[in-house]
Amino acid sequence: MSDTKLVKYEVDEGVAILTMDDPPANTYTHEMMRDLDECILKARFDNDVYVILLRGAGDKFFSAGANIGMLNAMDPTFKYYFCLHANETLIRLEQTPKLVIAALNGHTVGGGLEIAMACDLRIAKKNGGKIGLPEVALGVLPGTGGTQRLARILGKSRSIELMVSGRTMEFDEAKEMGIITDIYDGATYWEDVMRYAKQFAPPHKASKAVGNIKRAVCSGLEVPFSEALAIERELQQLLFQSSDAKEGIAAYVEKRVAKFEGR
């Protein structure tokens with residue numbers, strides 16, 4: 001485990017587990033975002049990490065978002081810089097060339113959902129809690145990338161409706177909308193999430209290909225289509241030079257299961 005106070009870090013068979021740990025609701029402060037930033041960087045540059053899994057401590061909350069007491073004590077200028085730092089942290093998470101999975105083990109509201117949307121996939125616990133962006137009730141908007149990421153997931157009209165109404169919903173409804181990737185049974189939730197995450201690490205998957213697929217999608221969505229295709233071609237060329245691509249193609253030709261090494 002790392003010595004960070006509010007985000008714990010551990011590695012299990014190629015999966016870096018980042019646990020937001022500030023009971024009772026895992027609300028984030030500047031200190032938690034700083035710890036999260038450090039853990040993201042640690043996982044990104046750890047050659048033995050292929051997948052990042054983000055969760056909340058306990059079984060009631062993934063995260064209830066920003067600590068309202070902290071925000072109430074800040075003047076508007078500090079609030080602005082706090083949001084700026086949180087945005088930078090989530091951009092770093094989103095742009096890390098490794099698959100990032102959010103394990104929604106409890107209520108995921110406000111800034112908690114904003115964190116989850118910066119992850120690539122979101123796996124929720126059945127009947128685990130509510131999800132939504134209710135910031136409008138506080139007279140503010142989802143200011144850690146929420147307005148932009150939700151619109152990219154749901155489209156303009158539906159995302160606006162959810163944010164201006166501020167309503168929260170059950171995980172089942174969020175899955176139907178496409179906010180949540182999948183829902184796992186509560187009894188074996190953590191074991192199933194870990195099994196799911198480990199399938200994207202060697203020897204099961206070519207982790208460089210997984211990372212480059214993510215990079216192609218994330219970068220390609222932000223540029224014109226012709227430039228996105230150029231990014232895709234460049235990343236593909238890098239993969240053609242990798243050991244795992246040679247192994248994957250050879251295994252297909254030889255009709256055997258590929259054994260990838262993440263190289």
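Got at least one residue in the stretch 122-133 being outside any strand (DSSP E or B), surrounded by 23 or more Cβ atoms within 10 Å (Cβ to Cβ) and free of Cβ contacts under 8 Å to residues at least 40 places away in the same chain?
Checking the stretch 122-133: at least one residue is outside any strand (DSSP E or B), surrounded by 23 or more Cβ atoms within 10 Å (Cβ to Cβ) and free of Cβ contacts under 8 Å to residues at least 40 places away in the same chain.
Of all residues in the stretch 227-245, which are loosely packed, with under 13 Cβ neighbours inside 10 Å and either among the hydroxyl-bearing types (S, T, Y) or over 28 Å from the mean Cα position of the chain (by Cα) (or both)?
Of everything in the stretch 227-245, just one residue is loosely packed, with under 13 Cβ neighbours inside 10 Å and either among the hydroxyl-bearing types (S, T, Y) or over 28 Å from the mean Cα position of the chain (by Cα) (or both), namely Q241.
Go through M169, M163 for me and flag whichever is outside any helix (DSSP H, G or I), modelled with pLDDT of 95 or more and within 24 Å of L104 (Cα to Cα).
Unique residue meeting the criteria: M169.
For the stretch 1-119, give me every one of the helices (runs of 4 or more DSSP H) that falls completely inside it and has 1 or more residues that are within 23 Å of Y196 (Cα to Cα) and among the β-branched types (V, I, T).
Here the list reads 30-44, 111-117.
Given the criteria in the same structural domain as N127 (by TED's automatic domain parsing), farther than 20 Å from G128 by Cα and at pLDDT 95 or above, does G69 qualify?
Numbers: in the same structural domain as N127 (by TED's automatic domain parsing): yes; farther than 20 Å from G128 by Cα: yes; at pLDDT 95 or above: no.
Here the answer is no, as G69 does not meet what is asked.
Which count do you get for residues in the stretch 172-213 that are assigned to a helix (DSSP H, G or I) and more than 27 Å from K126 (Cβ to Cβ)?
Residues meeting the conditions: 6.
When you scan the stretch 50-71, do you find a residue that is over 29 Å from E170 (Cβ atoms) and either surrounded by fewer than 18 Cβ atoms within 10 Å (Cβ to Cβ) or free of Cβ contacts under 8 Å to residues at least 60 places away in the same chain (or both), even just one?
Checked against the condition, which is being over 29 Å from E170 (Cβ atoms) and either surrounded by fewer than 18 Cβ atoms within 10 Å (Cβ to Cβ) or free of Cβ contacts under 8 Å to residues at least 60 places away in the same chain (or both), the stretch 50-71 yields no hits at all.
Just one of the numbered conditions (1) more than 24 Å from K98 (Cβ to Cβ); (2) under 23 Å from the mean Cα position of the chain (by Cα); (3) of a type in the set (G, A, S) is not true of A206; which one?
The single condition A206 does not satisfy is (1).
Report, ordered by the first and then the second residue, all pairs with beta carbons closer than 6 Å, sequence separation of six or more or different chains, a first member in the stretch 134-152 that is on the phi > 0 side of the Ramachandran plot, and a second member that is surrounded by 21 or more Cβ atoms within 10 Å (Cβ to Cβ) and not in a loop (DSSP other than H, G, I, E, B).
Taking only residues 6 or more apart or on different chains, the pairs are G145/L90; G145/E114.
Among the residues of the stretch 22-33, which ones are crowded, with 17+ Cβ neighbours inside 10 Å and either of a type outside the set (F, W, Y) or in contact with a Pro (Cβ under 6 Å, 6 or more places away or on another chain) (or both)?
Of the residues in the stretch 22-33, the ones crowded, with 17+ Cβ neighbours inside 10 Å are 22, 25-29, 32-33.
Across the stretch 22-33, the qualifying residues are D22, A25, N26, T27, T29, M32, M33.
Select from the stretch 35-49 the residues that are surrounded by 18 or more Cβ atoms within 10 Å (Cβ to Cβ) and of a type outside the set (D, E, K, R) and write down the one among them that is farthest from M20 (Cα to Cα).
V49
The values are calculated or read from the model by the stated rules, or taken from the named source; none is laboratory data. Model, not experiment: these values are computed from the prediction. A quick note on method: Cβ atoms are made from the backbone with ideal geometry, for glycine too, and the neighbour counts reach across all protein chains shown.
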